[in-house]
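Notes follow once the structure below has been shown.
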Amino acid sequence: MKVHVPAGSSQCAVVVGCQWGDEGKGKIVDVLAERMDVVARYQGGANAGHTVHVGDREFILHQIPSGILHPEKRCLLGNGVVLDMIQFFQEYDALLERGVDVADRVGVSLRAHLLLPYHRILDRAVEDRAEEKIGTTGRGIGPAYEDKAGRRGLRVADLRNEDRFRELMDRGIQRARARLQALGMEGDHGLEEALETVLALRGRLLELATDTGIEVEEALAQGKQVLLEGAQGTALDLDHGTYPFVTSSNTTAAAAATGVGVGPTRIQSVLGVVKAYTTRVGNGPLPTEFDPEMDDRMRTLGGEFGATTGRPRRCGWFDAVLARHAARVNGLTGLAVTKLDVLDSLPQISVATGYRTPEGEVEEFPADTAGLEAAEPILETLPGWEASTGEARSLDDLPTNARKYLDRVEELTGAPIEMVSVGTRRSQIIRVA
Ligand code: IMP
């Protein structure tokens, strides 16, 4: 039988979102990073927004792994990431200004694709004109991954030869301009200046360039602990999410291996992060979505506004159908439940155990997104605890009904709970394993 290794003590752990992103992965990674030597991001780009509270300081990180807030941890951006150099250095310099020692601690994969200014312009232009809007973050993610899959992207390694880079980016600019023109957007869109801005950062980025696969492999060989950090969540995965209302990368755990450049056999544990309820930004189905009044109430209780775009998040009950799907497609070995405290004041709390669809009742997450839009959740209602959980540091400190709620979440999801977050502060965490 396979021995269960909790994420905190495993040599190579993945942390993955199990809903529509915003599960509170930033806080979980921050807590786990204490025990890790290396933290590596494996996909996504500046669409992510990881909020971490250290003392009374709030940090919102978009591209740099939240491990950076722990001294001496090595933080990597893997080849699966699409790197927005301009935004990356803004974030890097802002950390420096706030006294975070980033020098020699950040590495960027030579194989990572560059997200260039024209990707952002294209993202917004396409979204503005789409008949069925995805509700993207407007950070250029879709167009950058399109170029990668279309084998016309530019990678960090291409920066080594300036002339060649100019040539390649110039081609990218011409292509982007033609596409913008076809969308009815004439003009030069400042793309030539953008080329110079990118080139001005070339030297700085090359200093950070590395082979993340080799680094991770060497760290593991030296007995170090490595955390592979996902962005967004399972329901936003390009293959396993609510397509087409997804992001343009594989967010799920298997992508962690490809996205940093190690084999899947290196991964020992996969910690799935779920919020104690559900939220979603952007369009697409959300089967357990609240009515407008309850939606407003939860948004206020949980401060549910996007860390990247400030958009209000849609809120709903915990969806165990999705959580089970996530447990399976990620091969979860453990679960971290976040924001339990947000439910403290509710007299009753529901969870979806299945869906009623036009084809009958289902317990598996449907592949058919239109069908999912029509699905009604089958809700099970549990009594609330109506007491504060923010000071709990062990499961025994929790009110009985809060424990019962967690037991039910664990049972329905099928993965053992390893951590419960009960507030925004680093200390507000219950470690079960
Ligand atoms: P994109 O990744 O910007 O292309 O956006 C595609 C979808 O993913 C939209 O619904 C976004 O709101 C959503 N999304 C992207 N990044 C995040 C995130 O970090 N948290 C939550 N939703 C996200």
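The values are calculated or read from the model by the stated rules, or taken from the named source; none is laboratory data. Please read these numbers as outputs of a predicted model, since none were measured by experiment. Cβ coordinates were reconstructed from backbone atoms using ideal geometry, including for glycine residues, and neighbour counts include every protein chain displayed. Surface accessibility is based on the protein's heavy atoms, side chains included, excluding ligands, DNA and RNA. Shrake-Rupley method; radii C 1.70, N 1.55, O 1.52, S 1.80 Å.
What the table shows:
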quantity: Hey, LYS275 over 19 Å from GLN43 (Cβ atoms), touching a residue at least 60 places away in the same chain (Cβ under 8 Å) and within 14 Å of the ligand (Cβ to nearest atom) or not; calculated: yes
quantity: Cβ pairs under 7 Å, 6+ apart, first in segment 279-304 and under 19 Å from ALA375 (Cα atoms) and among the basic types (Lys, Arg), second open to solvent by 10 Å² or more (accessible area, probe 1.4 Å) and within 16 Å of the ligand (Cβ to nearest atom); calculated: ARG280/LEU286; ARG280/ARG313; ARG280/ARG314
quantity: Given (1) within 16 Å of the ligand (Cβ to nearest atom); (2) open to solvent by 30 Å² or more (accessible area, probe 1.4 Å); (3) of a type outside the set (D, E, K, R), number of the condition ALA307 does not satisfy; calculated: (2)
quantity: Residue in segment 126-145 that is more than 10 Å from the ligand (Cβ to nearest atom), crowded, with 23+ Cβ neighbours inside 10 Å and among the β-branched types (Val, Ile, Thr) present; calculated: no
quantity: Residue match in segment 341-362 (condition: within 14 Å of the ligand (Cβ to nearest atom), closer than 26 Å to THR424 by Cβ, outside the structural domain of GLY80 (by TED's automatic domain parsing) and crowded, with 17+ Cβ neighbours inside 10 Å); calculated: no
quantity: Filtered residues of segment 214-243 (kept if in contact with a Ser or Thr (Cβ under 8 Å, 6 or more places away or on another chain) and away from the ligand (no atom under 16 Å from the Cβ)); calculated: GLN225
quantity: Identity of the residue in segment 20-44, part of a loop (DSSP other than H, G, I, E, B) and open to solvent by 10 Å² or more (accessible area, probe 1.4 Å), that ends up nearest to the ligand (Cβ to nearest atom); calculated: ASP22
